[in-house]
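Notes follow once the structure below has been shown.
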Protein chains: 4
Amino acid sequence: MIKVGIVGGTGYTGVELLRLLAQHPEVSVEAITSRSEAGKNVTAMYPNLRGYYDRLAFTAPDAKQLGDMDAVFFATPHGVAHALAGELLECGTRVIDLSADFRLRDVAEWEAWYGQTHGAPALLEEAVYGLPEVNREAIKRARLIAVPGCYPTAVQLGFLPLLKAGMIDPGQLIADCKTGVTGAGRGAKVGSLLAEASESLKAYAAGGHRHLPEIRQGLVAAHNGEINLTFIPHLTPMIRGIHATLYGQLIAEPEADLQTLFEHCYADEPFVDVMPPGSHPETRSVKGNNTCRLAVHRPEGSNTVVVLSVIDNLVKGASGQAVQNLNLMFGRDETLGLAAPALMP
Amino acid sequence: MIKVGIVGGTGYTGVELLRLLAQHPEVSVEAITSRSEAGKNVTAMYPNLRGYYDRLAFTAPDAKQLGDMDAVFFATPHGVAHALAGELLECGTRVIDLSADFRLRDVAEWEAWYGQTHGAPALLEEAVYGLPEVNREAIKRARLIAVPGCYPTAVQLGFLPLLKAGMIDPGQLIADCKTGVTGAGRGAKVGSLLAEASESLKAYAAGGHRHLPEIRQGLVAAHNGEINLTFIPHLTPMIRGIHATLYGQLIAEPEADLQTLFEHCYADEPFVDVMPPGSHPETRSVKGNNTCRLAVHRPEGSNTVVVLSVIDNLVKGASGQAVQNLNLMFGRDETLGLAAPALMP
Amino acid sequence: MIKVGIVGGTGYTGVELLRLLAQHPEVSVEAITSRSEAGKNVTAMYPNLRGYYDRLAFTAPDAKQLGDMDAVFFATPHGVAHALAGELLECGTRVIDLSADFRLRDVAEWEAWYGQTHGAPALLEEAVYGLPEVNREAIKRARLIAVPGCYPTAVQLGFLPLLKAGMIDPGQLIADCKTGVTGAGRGAKVGSLLAEASESLKAYAAGGHRHLPEIRQGLVAAHNGEINLTFIPHLTPMIRGIHATLYGQLIAEPEADLQTLFEHCYADEPFVDVMPPGSHPETRSVKGNNTCRLAVHRPEGSNTVVVLSVIDNLVKGASGQAVQNLNLMFGRDETLGLAAPALMP
Amino acid sequence: MIKVGIVGGTGYTGVELLRLLAQHPEVSVEAITSRSEAGKNVTAMYPNLRGYYDRLAFTAPDAKQLGDMDAVFFATPHGVAHALAGELLECGTRVIDLSADFRLRDVAEWEAWYGQTHGAPALLEEAVYGLPEVNREAIKRARLIAVPGCYPTAVQLGFLPLLKAGMIDPGQLIADCKTGVTGAGRGAKVGSLLAEASESLKAYAAGGHRHLPEIRQGLVAAHNGEINLTFIPHLTPMIRGIHATLYGQLIAEPEADLQTLFEHCYADEPFVDVMPPGSHPETRSVKGNNTCRLAVHRPEGSNTVVVLSVIDNLVKGASGQAVQNLNLMFGRDETLGLAAPALMP
């Protein structure tokens, strides 16, 4: 059994890790930390876990306890993993960080977007960006994983085949993204109340969102050159799900078979599903599931390519991808604990 | 492997069987029938099942094909199982009927509520009402199971401990029940449109609902005498879930320890969870899961007992309970295929 | 024009007053207070009011400014109206309190349920409980109105005809109530997040809710004697709306024509609508509207009477009823500002 | 009083006309037709209208009765207005068609997109496209109005200032649109069930939607030349609302003051609200209201302009705009019947 700990277990990515790991045959959750809820049983906060974790209680973070784990997940706000990751790595504990702490390779850019000093620049070199479809081999050897953000996962998986094949103009990329409200976390914010966010839809952060540099970094790597991306996120009245609608301009091969391009690109991927031509993936088709479901369109045969990409923001966009990384790091079947179909309806 | 078929697989209980059985290690779904969708792959209708049933297509019902199965589920409107069950039983195939066809023991009462002639009265004697918490041993030996309705499951599990212990007045039972819209099925009805059923709540069938005689039959058996029940169902704006709020009048033992009564009653039940005193179970705590979660209250120490009972109408209220019955009938661990925690949030 | 002020204008009942008064031809909102938002224009917080209140900004509460008003609404947490009402009344300003401060006539009971000392017991004698269907004439003469709570409005209007006619056993009343989440206010609470409260339903405060003594007080007055009520509120996934399902036991006249009883009782009421026999009122049929819509049933001809009562908790359950009181107090047509039909769908 | 009739009154735009006209001081609804519901009172279908239209019943369409009206609204599927409009115009009745029958000026294009022969090409010349912000003077003189579609209203109002000013490249327009489910009408379709459309989001008609040629026609007129538009609609889990997110490429004047451009363009418009810089309009801010609320952004100071445009699809996107046209045609204040603020929360 792989012994794991979870730092910051009260948020949505924390409880989602517990839900997924309850079905993982080779993982044992031995510690879960929360300063605010220390002493409370996890089932008191999450009654859906009654019968699964009846003896697991939140504890105050303790580096010694965490250092005894084989792996520790950080399901924390940014900055926390900076402070603890180094110590854990020295204990031989592998670190899987679901926060943004190690996602950007450029320290200055990180500091500009997150408004604070980077707490662990020395670890950046060995941190691996945990998008298995791009970095699978590096993940297998990694000690420190930066799990991709939710929007970045949906957007990169949709654009990558086109950029790697040089099919679209890298200077004219648009990502119009829609998220469910769990993307805003479990914090008690007025804007996330059912009475505020239900029966409504709005864009937010149109001036610039923290996931923009992360997406850009990934697309630049895929294109091997500069790109220009406009990214507009929207808040929608649902709990889970991201729908990324991606627009690119074809720059060559007007007869290009985009469908085959996508199918070949992801033929061996256990968690990317390219739908048949003409499909429109629904976010609910991945609710609770680790799949990214894609469809590619060329409206009216124009030069504009439209990619539709859906994920569950808490699974492939966070905790599921984290478990996928864990499986790879420990030499297990990549799909362990992630096999259940989406809940639909 | 247990070879199973599903008759009427396009509705919500049908697809829910597929979802649950995809995780069942000892079941193989070999046939699924639908007159209207014959020839279509199930994944074309339910994209969440892509990768799970890629070679399973709907076929027109064929008694010969179904007779080769070890068990057949009926996820059909009432009347269909009447017509086919006998033939299948003769083939040695066990029948698990999710419809109302074999739930009522009284033929005349069935005909009065369902407005048609009972099609298989001769089979009623051997039909077992598939509520494992009441009939576990009979289920193990049964060839023909009538899976309880959704409301009847939530209401009976809440009232049974009190009635069996003679704690409440059987002449004054009230069940105020709230359901999500999947309770109305997948039929295209105006009243079930998101534009009609969202942001609203209403009672329906206040004059009498078909689940009333089924509940009454179960409570009469528990009490071993006549009972009087008022049952008012309500349609609420959610996909899944039933919340039954049950009211009874204590008739003795003012100091009765109701909490202990419930805990003892369900101590060995894998799918009934009695919550701590003062709890209020949420329907989402069982979303996608086979548990019935209960709490018992005595507001202000009065003589009124209030039981709060929640289930997922598609799982413990239908397909999950059907799988639980299958496991019992075939001598398997009762929880096979039903182990995943609820999806929350 | 009636000059009015609103104390505590940032919550849902405050903004709802603004919405309704924007359509009132004889009211001018001249002041709105909020300590936390002082200086901010109301349209910055509530963009739906852009074009209606472009020059109205929140100010810190100022008794002198408020004392210049003809009437002041309190849309505040309990305790605030206690502190200010007396001073305003001395200025000749009428007070319409939407909080619970003056609803209970028994000081000790108020203090027990609200956990603090009553701040203005001397004003209780003249405070009028603002349920026009019961106290219309007293309201017309009142200087200080206690606007009924949301649950109490729905429950009392449903039970009153039966209790006043002596038709039901006052010792066996049950009110099973369902509310939308605005009933919990605009406070940033985790339990009210869309991610928590959507796709779920739960009872709460089963041990005793603050609206219980208020309802009891009203029913006792109607019955002119002691009553026994079990009241269980439920949180449901919608923004607005209360559905009260009321259960009583008929004590006489088995042939009683309950439909006619209700229709006669409310024949002259502008905001109570008794639906035809067999109806099931939907909460959305009163969304944004001041009507209480009722239907009365006797399931299967039994002795149990079931009344279905729906209101919009923010309108007839709060701000609309407050405006109705204002109209009565100032000798205006009771329906001014309240004439728009519900928004449906 | 203006006497009006409504043809096809059972759908969502029909009932929305009734809701709005109930508040219109100078309109009397004298006829409403429905073949399927003939004889039924409108309040039986729409209980929110009880007390407003208690004597108005659906009748079978009758050209003679309709020809006595001052104006007739068509809230019908396409093709119906073709058949009746000419006859009504000859009676001197003005026609306001909410369907697509007279929106496209090019008969061949209409026939290609709607798959049937155009039934009234001779009327096209006098039909006026009822977007008051573009055609106000023509509307005042018109006998026949083609009320714009919901998407076309939101998209055109957002792009027009930029195109008319020649600020963006007409060859690279993208409209990513999100609609609530009432956009799909009141038909009983499985895909519109709460159980299907709730907790999910999907694109649809990515290959080409019928509103595309209508939008294109309006943008071509504004630009006075060819344009290229990619239009992707999405279905979102809410009842009402459209959010159009519009992307254009600036072609000149890098220092352009887009905010001022928009504010000047719509300074005198009663139903277009340009929000302050940095705003993100919410669809709920126009729920039930006739306003189009806009915000304009240039993310990170790039060359991409992003316009956020929200309307209520049933009001400014259909019935409200129809009433606005009626007011203009009959020389009334353009805002009559349309003055109520949006319902928020």
**Complete:** Here P(r) for the protein assembly as shown, Cα-Cα distances in 10 Å bins, as whole percents, is 2, 9, 16, 21, 22, 18, 10, 3, 0
**Cα gyration tensor shape for the range B:2-126, rounded if a/c is under 1.5, else prolate or oblate** = prolate
**Item:** Charge dipole (chain D, unit charges on Cβ, about Cα centre) - positive-most of D:G9, D:L49, D:V27
**Value:** D:L49
**Fill in**
With one decimal in nm and the nearest listed first, the spacings from D:R141 to its own position in the other copies, using label points 7 Å along Cα-to-Cβ, are 6.5, 7.8, 9.2
**Message:** Treating the point 7 Å from Cα along Cα-beta-carbon as the label, what are the nm separations from D:E226 to the other copies, to one decimal?
**Reply:** 3.1, 8.5, 8.9
**Fill in**
Proxy exposure order for A:E30, A:E199 (fewest C-beta within 10 Å first) is A:E30, A:E199
**Message:** Under the rule of at least 5 residues apart or a separate chain, name every residue whose amide H is placed under 5 Å from the amide H of B:V72.
**Reply:** B:G5, B:R94, B:V95, B:I96
**Item:** Partner chain coverage, peptide C:167-176 - average Cβ within 10 angstrom
**Value:** 3
**Request:** Kindly rank A:256-265, D:312-321 from highest to lowest mean number of other beta carbons found within 10 Å of each residue.
**Result:** D:312-321, A:256-265
**Request:** For chain B, find the longest principal axis of its Cα atoms and tell me its angle to the long axis of helix B:320-329, 0 to 90°, nearest 10.
**Result:** 80 degrees
**Fill in**
For the rotation taking chain D to chain A, the chain D residue with the nearest C-beta to the axis, plus the distance in whole Å, reads D:D176, 2
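List, in the order given, every pair from C:K3/D:K316; A:K287/D:K316; A:K140/A:K287; D:K140/D:K164; A:K316/C:K178 whose Cα-Cα distance in the structure shown is over 31 Å.
Check vs 31 Å cut-off fails for C:K3/D:K316; A:K287/D:K316; A:K316/C:K178.
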**Prompt:** What residues qualify as long-range amide H neighbours of C:V128, i.e. H under 5 Å apart, gap of 5 or more or another chain, H built at 1.01 Å from N?
**Reply:** C:L144, C:I145, C:A146
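Per the helix-only calculation at 222 nm, which mean residue ellipticity applies to the protein assembly as shown, given -39500 (n - 2.57) for every DSSP H run of n ≥ 4 and division by its residues, nearest 500 deg cm²/dmol? Intermediate values should be presented prior to the final figure.
On the way: 44 runs with 392 residues, N = 1380.
The per-residue figure over the protein assembly as shown is -8000 deg cm²/dmol.
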**Prompt:** If you rank D:D62, D:D176, B:D101 by fewest surrounding Cβ atoms within 10 Å, what's the result?
**Reply:** D:D62, D:D176, B:D101
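Given the protein assembly as shown, what percent of its DSSP beta bridges are antiparallel, to the nearest 5?
Numbers: 96 of 220 bridges.
Rounded to the nearest five, the antiparallel share is 45 percent.
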**Message:** Under the rule of at least 5 residues apart or a separate chain, name every residue whose amide H is placed under 5 Å from the amide H of A:T230.
**Reply:** A:L173, A:I174, A:A175
**Request:** Specify whether the C-alpha gyration tensor of chain B places it in the rounded, prolate or oblate class, a ≥ b ≥ c being the square roots of the eigenvalues: rounded for a/c under 1.5, otherwise prolate if a/b is larger than b/c and oblate if not.
**Result:** prolate
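Tally the DSSP beta bridges in chain B and give the antiparallel ones as a percent, rounded to 5.
Working: 23 of 54 bridges.
Here the share of antiparallel DSSP bridges comes out near 45 percent.
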**Prompt:** For the range D:110-203, treating each Cα as an identical point scatterer without solvent, what Debye log10 I(q)/I(0) comes out at q = 0.13, 0.14 1/Å?
**Reply:** -0.73, -0.83
**Message:** Only bridges whose two residues both fall in the range A:151-312 count here: according to DSSP, what percent of them are antiparallel, nearest 5?
**Reply:** 70 percent
**³J(HN,Hα) computed for each position of the range A:297-308 - Karplus, 6.51 cos²θ - 1.76 cosθ + 1.60, integer Hz, glycine/proline x** = 10, 10, x, 6, x, 6, 7, 8, 9, 10, 10, 9
**Prompt:** Hey, what do the phi angles of the range B:156-170 turn into as Karplus ³J(HN,Hα) couplings, whole Hz, using 6.51/-1.76/1.60 and θ = phi - 60°, x for Gly and Pro?
**Reply:** 5, 4, x, 8, 3, x, 6, 6, 5, 7, x, 8, 10, 5, x
**Fill in**
One quarter of the C-alpha convex hull surface, i.e. the mean projected area of the range A:151-312 in nm², amounts to 9.7 nm²
**Request:** Can you find, among D:M344, D:A175, D:L144, the residue farthest towards the positive end of the dipole of chain D? Put +1 on the C-beta of Lys and Arg, -1 on that of Asp and Glu.
**Result:** D:M344
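State to the nearest 20 debye the size of the charge dipole of the protein assembly as shown about its Cα centre, where the only charges are +1 on K and R beta carbons and -1 on D and E beta carbons.
0 debye
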**Item:** Protection proxy ranking of B:137-149, C:268-280 - average other beta-carbon atoms within 10 Å, highest first
**Value:** B:137-149, C:268-280
**Asked** Once a ≥ b ≥ c are taken as the square roots of the eigenvalues of the Cα gyration tensor of the range D:223-345, is the result rounded (a/c under 1.5), prolate (a/b larger than b/c) or oblate (a/b not larger than b/c)?
**Response** prolate
**Request:** Mind checking B:13-22 for the average number of partner chain beta-carbons within 10 Å of each residue's beta-carbon?
**Result:** 2
**Asked** From the phi of every residue in the range D:21-32, what ³J(HN,Hα) in whole Hz does the Karplus formula 6.51 cos²θ - 1.76 cosθ + 1.60 yield, where θ is phi - 60° and glycine or proline is x?
**Response** 6, 4, 9, 8, x, 10, 10, 10, 7, 10, 8, 9
**Nearest-ten-degree value, helix D:80-90 long axis tilted from longest Cα axis of chain D** = 70 degrees
**Inter-copy separations for C:G39, label at 7 Å along Cα-Cβ, nm, ascending** = 4.0, 6.8, 7.2
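Here, each number is a calculation from the coordinates, and none is a lab measurement. Only a predicted model underlies this, so the values are computations on that prediction, with no experimental measurement involved. Quick reminder, even Gly has a Cβ in these numbers, built from the backbone with ideal geometry, and neighbours come from all protein chains shown.
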